[in-house]
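The values are calculated or read from the model by the stated rules, or taken from the named source; none is laboratory data. Small disclaimer: the values here were computed from a predicted structure and weren't measured. Here the Cβ positions follow ideal geometry from the backbone for every residue, glycine too, while neighbour counts run over all protein chains shown. When the accessible area is computed, the model is the full protein with side chains, heavy atoms only, and any ligands, DNA or RNA have been set aside. Shrake-Rupley method; radii C 1.70, N 1.55, O 1.52, S 1.80 Å.
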Amino acid sequence: MKQYGAEFFGTFWLVLGGCGSAVLAAAFPDVGIGLLGVSCAFGLTVLTMAFAIGHISGCHLNPAVSIGLWAGGRFPANKLAPYIAAQVLGGIVAGGVLYLIASGKAGFDVTAGFASNGYGEHSPGGYSLLSALISEVVMTMMFLLVILGATDARAPQGFAPIAIGLCLTLIHLISIPVTNTSVNPARSMATAVYVGDWALAQLWLFWLAPIVGAVMGAYVYKFLGSIDSDS
């Protein structure tokens, strides 16, 4: 239960910190943090939580990561369902807290997006479904590659949270214009349930693509990691 609790609070922090920066601070008059700030915020949530709870639950904070770690032989199948449930619930609760904060400002309109992920007319840059699919699959694949490599016993010890946090920052720097960046079904669901309508209608992509990408990343690292160090 402590592991599931850690995943709940870790995902809560990821959504509150990452999506919160997008909703509350990205375009704040005169001193908005912009896309660079939002990208850094998502990376910092993972970096801080990796040090805080990594030794308790592994700090997955993401159903796609849990599935990818399982596919890579690093996580038991019997813990997948409760981990994913804890992550999704933590994200939704964080979305609720963010909604309560954001709705305290005059003129707030949750249907305007609320940091939800989308494609087509709901993509920040107007990118198509195909573009969104490719972006989410590839970005999540590379994320799992970094996670598995940084946490490999052969990697420099103690630096994995930094590498993983910076990787998530880079992913957001690349793909916010395409989909608002998901690579995490729990993060996507956390805001979509409050927006409803189009956000829920497009949510399927932000479950499917990250999971496919995560499994691909796991198998790529299995191949790379199995190569003899002298090769």
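How big is Rg to Rh over the range 133-231, alpha-carbon atoms, Rh as the Kirkwood inverse-mean-distance radius?
Computed over Cα atoms, the ratio is 1.05.
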Discussion item. Using the Karplus curve 6.51 cos²θ - 1.76 cosθ + 1.60 with θ = phi - 60°, what ³J(HN,Hα) values do you get for each residue of the range 202-218, in whole Hz, with x for Gly and Pro?
Written reply: 9, 4, 3, 5, 8, 9, 5, 5, x, 5, 4, x, 5, 5, 4, x, 5
Discussion item. Through the Karplus equation 6.51 cos²θ - 1.76 cosθ + 1.60, θ set to phi - 60°, convert the phi angles of the range 44-59 into ³J(HN,Hα) values in whole Hz; use x for Gly and Pro.
Written reply: 5, 5, 5, 4, 5, 6, 4, 6, 6, 10, x, 7, 9, 10, x, 6
Discussion item. Rounded to the nearest percent, how much of the accessible area of the range 1-143 (1.4 Å probe, protein heavy atoms only) is carbon and sulfur?
Written reply: 71 percent
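I need the fraction of alpha carbon pairs in the range 1-61 separated by more than 20 Å, rounded to a whole percent.
31 percent
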Item to complete: Taking the Cα centre of the chain as origin, sum charge times position over the Cβ atoms of Lys and Arg (+1) and Asp and Glu (-1), and report the length of that vector in debye to the nearest 20.
Response: 420 debye
Practice prompt. For the chain, just list the percent of Cα-Cα distances falling in each 5 Å bin from zero outward, please.
Written response: 1, 8, 15, 20, 22, 16, 10, 5, 2, 1, 0, 0, 0
Fill in: the range 53-68 versus the range 1-50: alpha-carbon centroid distance in Å
16 Å
Worksheet item: Just the accessible area per residue of the range 1-159, please: how many Å² with a 1.4 Å probe?
Response: 47 Å²
Discussion item. Please list, ordered by chain and number, the residues whose modelled amide H lies under 5 Å from the amide H of TYR127; skip anything fewer than 5 residues away on the same chain.
Written reply: GLY120
Item to complete: Summarise the long-distance tail of P(r) for the range 69-163 by giving the % of C-alpha pairs beyond 16 Å.
Response: 74 percent
Worksheet item: In the Gaussian network model of the chain, springs joining C-alpha atoms below 10 Å, which of LEU144, LEU200, LEU130 carries the largest mean-square fluctuation?
Response: LEU130
Item to complete: Return the sequence-ordered ³J(HN,Hα) values of the range 128-145 in whole Hz as given by the Karplus equation 6.51 cos²θ - 1.76 cosθ + 1.60 applied to θ = phi - 60°, using x for Gly and Pro.
Response: 6, 4, 4, 4, 5, 4, 4, 4, 5, 5, 5, 5, 5, 4, 5, 4, 5, 4
Discussion item. Just to be sure I understand: with springs between alpha-carbon atoms less than 10 Å apart, which residue in ALA201, ALA86, ALA41 has the highest mean-square fluctuation in the Gaussian network model of the chain?
Written reply: ALA201
Worksheet, complete the sentence: Taking the convex hull of the alpha-carbon atoms of the range 108-188 and averaging its shadow over every direction gives an area in square nanometres of 6.1 nm²
Discussion item. Pick from THR169, THR151, THR179 the residue whose mean-square fluctuation is largest in a GNM of the chain, springs joining Cα atoms under 10 Å.
Written reply: THR151
Worksheet item: Please state the relative contact order of the chain as a whole percent: Cα pairs under 8 Å, 6+ residues apart?
Response: 30 percent
